[in-house]
Each structure stands twice: as C-alpha cells, then as structure tokens.
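S.K.: Can you read through this structure? Questions will come right after.
FYI, it's all coordinate maths here, none of it is from the lab. Just so we're clear, the structure is a prediction, and the values are computed from it rather than from any experiment. Here the Cβ is made from the backbone with ideal geometry for all residues, glycine too, and neighbour counts use every protein chain on show.
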Amino acid sequence: MEYDYLIVGSGPGGVSAARQLCYANTAILDVGYTPDRKFKHSKLSEALESGDMESLLGTNWETLDNIESEFNIHRKIKSADLRYVMNGEIFRVYDSNGRFITKGNGSYAKGGMANVWGAQLLKYNKKDLDEVNGWPISINELEAYYTELEDHIGISGVNDDMSQFLGESDNLLPPVELSITSKYLLNNYNLLKAAKPDIGIKVGRARVAVSTVDRNGFAKYKAGSTEFFKPTGEGIYNPKNTLDSLIQNKSISYFSNQKLIKYKEFEDYVEIITTNNKNEYNHYKTKHLLLACGTIQTAKLVLMNEQLTNARINFVDHPPILLPFIFPKCIGNIINNDYFPIQLTATLNNKRDMISLYHPAGMMKTEYLLQLPIPLNLSKNVLSLLLNSMLIAQIWETSTENNGCLYLDDNCDICIKYPYPKKKNIFKLIYLMFQMGGITVPNLASRYPPTWGYHHAGTLPMSLEPGLLQTHTDGRLWKYKRIRVIDGSVLPSLPAKNHSLTLMANSARIADLTKKCGY
Amino acid sequence: MNSLKDECIFLYKSFFNKKPDESFIDNYIRVHNETHLMEIENKGEKHLVKLIEKKNLNVFGIEYWLRKRNKYNILTKKLLVILYISESDGKHITIFKNDIAFLSPWNTIIKTIIKSFALIIVGAFQIKKNGI
C-alpha cells in the first residue's frame, strides 16, 4: 500500500497532522485497541446508588490496587474501563538512586492519551519560551496553528486576569460552571484585588476543551463526575472525534490493529512494517512517515530501529505538587459533584508556575480517607463536609533542567530515570490563599512522582543543528529526509503549562512544512 | 474461610454497629482470594487482626498509629476493603453521600476532633499494653 503521507498514531499529535494532510493520499495507522466493556453510567452517583460494584471496583477488583501502594497505579487508570486506553508500552520509573518509584503505560487506543486527559489546552507565549530557553522555533511559528486549533476544538473560558499568562483568545465558549467554593474564592479574589491591585496572585477561569454548548453536531458536556471511571465523555474534545470525521469524509485512510515495528528510508520513499494482533506482517510505502506514537513509545521505536538500545536519551517531565485548601466559610454547603473538575487557574506574580484549582470529585470517597490525619471511622463521617468546601491546587513548574533520561533495559523494556524534584517553597501561595479564605497546612502538600502527570516531552528534541537522536525544526529525525516526529518527543523543554495544545500546534506546523517540502 | 468471615463481621461491626449481610461477607472473602492485595509479608501482622478481635481492642485507634508507622499495613488495607465494598454496593449510600443537609457542620467537626483525640490516646495505650 502506497501513500504520500503515513501518520503512525491517532492521538492529539497524529490527528492534528492528519487535519493538515487530509485529501492528500494520507493514511493513519494505529493499534486502535477498543474496549470490550464500558462504564455504563452517565453519572458516578448513579453507579454508586445502583450498587454496580463491578463497574466501580472492576471485574478483578482493579480499583483496589492502590491500597497496596499509593503509586502502584495511576488514579486515572485504576478503573477497569480506563485501563484499555492505557494498555500501551509499559515504562518503569526510577529515582536518581535507581530506586523504583512507579510504573505507567502509553496508549494504544484511538485518540491516544486524550482519552484520559484533563482537557486543559493552553497556548505557550513568548515569555514561556524565553524562560525555558532552547526552543529552536519562535512562538510566532505556532500562533496561526493555535488559533486554528482553538476554533476547531472549542475551548471554554474567559479572557480575564489570567489572560496575561494564558493569552487572549477569540471565540472562547462560555466557561464551565463553578462550584460554590470556586465562586467564593473568585469573589474573594476580586474583592481583594479591588482593595489592593497588586496582591501577588492572578486567578481566573479555566481554559478547557469542554463544550459548554451544543456544537458541530456534538452535545455539550454533561457533568457527572465520571472522569476517573471512563474515557473522556460527551462534550470533552477528543481527537478521536476529529479522526472519525476525517474517515467519514474519506479525506484520509485509516488502518487500525497496526503496530509499527520497523521503518527504513530509501531515496524516494520510506518502507514500514507493521504487525497485528495475529502476528501477521503488513508492508506500507510512503513518501513521508510521521511518527506520533507518543513521547515514550516513539522514543523506543527510534532506539530499536537505530539499534541504539544502549543509548540514554533526554526525558522531560513536570511532576506536579498537590495541595488541598479548605474554605471554612463554605463548610456546610450542600453541593452536587457534577462540575467539570478543573475550575480555576492561578499563577503567582513574578513566577511562571501554573496552578490549576480542582473541585475534588470523580473518585469514590474512600480514595480520600487516608488523606485525613484522623482515625478512619471519623474521616468517613467528616469527609463529605470537607470535600464540599475544598479545592485542590495542582502546581506545575517550569521544567528547564534536562536531568531525566530514558533508556531500554536488557529486555528492551522502557526505563526512565528521573530525580525527584527539590522541595518547593509553597508558603507564598498558602499565605495568598489564606487572604482569599482558604486554609491548609504545608504538610498536606504531596509531590507526585515523575511521569505521574503524563506531561512527557523532550526524548527527540528539536534543534537547529540536530545531533544523534534529535530532530530538525521540521520534525525530521537527525539523519533522515522523509521520517519525521510530530508528538511531544520533539518539544525540547516544558514551560509550566500543559503542553497538549502546543504539541498539536507543532504537529500541524510540521505537517504543513512536510507538505511544502518539495519532495 | 471462617476466620475471614469472622474478621469481616468484626471489622464491619466496628464501622456500622451491625452485622454485614451475606453478600458483603462474600465480597470481602473474594477480595482476599482473588487478589494478591491481602498477602501478608510482615510476620508481625499475621495475627494482628485476630488479636484485636480477640481482645476487643479499638480498631480505629490502633489503625491510626499503625498507619503512621506504615501507610500500607494490613489493618488499614482491610478497613479500606470494608469501606470500598460498602461505598459501592449501593446499600450504604447515605453514609457516603455528601449532599446530606448538616444542621450544624461545625458541631460535627468539633465532635470529630475531640473523638479523634480520644481514639488516638486509647489506641496508643492499647498498642503499648499489647505490644503491637
């Protein structure tokens, strides 16, 4: 089978490139693993009330896995129905002393990691790139793609105080509904700001790929707190939807059940070999191969193909810090849990950390019980009261130090070595939140392990003069003419913001350059 | 199997002051038989629940201190299994629901703090007395 453009992977990067290359003899290949069962409830409360224990705890009690160790399995893939999207390549994570920290998975599902994303799609700006250094492209080269993607996806939010940090955007959809606690915090922020303009923090509405109105034939988001039990649901953008439209329009070809195992570049074409679940081999020819298997899986693929299995390559991540805040004035409020979890965003002045403020819902109450430093029976009694008045701050820091590495072990399994980041001073945030009515104690802050946030990047970073295992600014692997990488692997470092929209914009940019390359 | 059944009844009673139904006990036993989560690696933990049950000690006061020592001790794990099953079986829904109208939430919080102190002291005393 011969194509002009062959994209491997149907996650955010692959689909974004496919949009640029449609109607141009383009095909997408992926494993496209599909579930054999689904979480059948539209709301978590419905599942709890019906006593559907199998859906909630899993056929094989999968949800209980974390009682053995908190980091045994990522919260987002505890549920049986989410695991299918995360059944890709396994990776193991070690700290700088070689001590095992956690393990994770890539994704083989249509839509890739977007099936479990938090849907924060944010633009980088010049300041972000200036701070991280090392980006061989300017923000101007991404601007047009950002705008086009925002129009296509539909981002909800408001141009407010956070616009200085997140950028102004036209055509934002109405923002997601705020919980009583979020409204209280935002109101206090505005009052405080009115009294003293420079209060040291900016707070604003979240920018998320959540349709708050019916749009383009898709229903608006139906809040139901099911995000930890099933893949992104109605109203949350998933590249899978775009891919389905492209397939339906016959603007691209799509082949699932294809796992890329080998590529080889010739003068005028690239030949690839894939395998399926029956271990049958397929051969494809293409003028241009675009790899979008995900930061970790693409890295492994390249290392294996180049027979560089002993190499250690760069790996960038930003492990988040979680810090719960209780708003005593909100204690006793009766609220439902049907809010989109990401409610507000914030950033401290003079710093470029990003703080996402979450409404704590979507998990079973038992998940939270060990967080309270009191006997379990009493935690159970008081937890509901506290959850209703709580927001959880997730703090993302800029990741400029390239101190992580990815390598393959003797069995060619993926290993990541990443030092736990240094302790962070969070006292200023605690003080400012206190002024806005929120209280916490520093001991409640927990640093999640590296890779836990799934913000992976930098394994095959773009460079103006790429060396071994690096890429050109048009995505080409260092010594190749027709093989490009278009996923998070090519982003050299990570500003504090979520990088999903940027990797999509960059993928579209590379696809455009591929189209215009003249060969 | 009987020991798991007795253990389930004891732990459940500690939470809810009543006996669990048969399906609850079945699920509790299934978690033990169908997963490796309840494998006991530490010899000291092997007879722990039995000892607490036999001497009718305060489960929650003791669990608090064991959790401080090791977050993943066997007693905490067993209590979490009781909670997971009860939260998801649809029969204990009011206990976990968070839209209950609390007439005086601060009363609940203050009572919880006082009770916590009492339980923690009892737990410390029983741990010392029984060499746990």
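S.K.: Among B:Ile82, B:Phe117, B:Val31, whose Cα lies farthest out toward the positive end of the dipole of chain B, if unit charges sit on the beta carbon of Lys, Arg (+1) and Asp, Glu (-1)?
M.R.: With unit charges placed on the Cβ atoms, the residue in question is B:Phe117.
S.K.: Going by how many other beta carbons lie within 10 Å of each one, how would you line up A:Arg83, A:Arg352, B:Arg69, A:Arg482, fewest first?
M.R.: B:Arg69, A:Arg83, A:Arg352, A:Arg482
S.K.: Once you have the Cα-Cα distance between A:Asn381 and A:Leu468, take 0.36 nm times their residue separation minus that, and quote the gain in nm to one decimal.
M.R.: Residue separation times 0.36 nm, minus the Cα-Cα distance, leaves 25.5 nm.
S.K.: Could you order peptides A:372-380, A:65-73 by the average number of other Cβ atoms within 10 Å of their residues, highest first?
M.R.: Result, highest mean Cβ count within 10 Å first: A:372-380, A:65-73.
S.K.: Another question, then. Roughly how many Å is it from the Cα centre of region A:129-151 to that of region A:475-519, as a whole number?
M.R.: 11 Å
S.K.: How many angstrom separate the Cα center of region A:61-92 from the Cα center of region A:206-275?
M.R.: About 22 Å separates the Cα centre of region A:61-92 from the one of region A:206-275.
S.K.: Farthest toward the dipole's positive end in the protein assembly as shown, which of A:Asn72, A:Ser225, A:Ala299, given Cβ charges of +1 (Lys, Arg) and -1 (Asp, Glu) about the Cα centre?
M.R.: A:Asn72
S.K.: So, with +1 on the Cβ of K and R and -1 on the Cβ of D and E, and no other charges, what is the size of the charge dipole of region A:403-509 about its Cα centre, to the nearest 20 debye?
M.R.: Charge dipole of region A:403-509: 340 debye, to the nearest 20.
S.K.: Kirkwood Rh, the protein assembly as shown, all Cα pairs: how many Å?
M.R.: Taking every pair of different Cα atoms in the protein assembly as shown, averaging 1/r and inverting gives 26.2 Å.
S.K.: Taking every DSSP beta bridge with both residues inside chain A, roughly what % is antiparallel (nearest 5)?
M.R.: Approximately 70 percent, going by the DSSP bridge assignments.
S.K.: Using Cα springs under 10 Å in a Gaussian network model of chain B, which residue among B:Ile62, B:Ile114, B:Ile40 shows the largest mean-square fluctuation?
M.R.: B:Ile114
S.K.: While we're looking at this one, here's another question. From the cross-link list A:Lys103/B:Lys5; A:Lys126/A:Lys481; A:Lys220/A:Lys380; A:Lys43/A:Lys329, which pairs have alpha carbons spaced over 32 Å apart?
M.R.: Where the Cα-Cα span goes over 32 Å, the pairs concerned are A:Lys103/B:Lys5; A:Lys220/A:Lys380.
S.K.: Take peptide A:46-53, look around each residue's Cβ out to 10 angstrom, count Cβ atoms belonging to other protein chains, and average those counts.
M.R.: For peptide A:46-53, the averaged partner shielding equals 4.
S.K.: Now a separate question. Please work out whether region B:55-132 counts as rounded, prolate or oblate from its C-alpha gyration tensor, where a ≥ b ≥ c are the square roots of the eigenvalues and a/c under 1.5 means rounded, while otherwise a/b larger than b/c means prolate and anything else oblate?
M.R.: Oblate, since a/c reaches 1.5 and b/c is not below a/b.
S.K.: OK, next. How well do other chains shield peptide A:384-396, expressed as the mean number of their Cβ atoms within 10 Å of each residue Cβ?
M.R.: Shielding by partners across A:384-396 averages 2.
S.K.: For chain B, what is the calculated [θ] at 222 nm in deg cm²/dmol (nearest 500), taking -39500 (n - 2.57) for each run of four or more DSSP H residues and dividing by its residue count?
M.R.: For chain B, the value works out to -22000 deg cm²/dmol.
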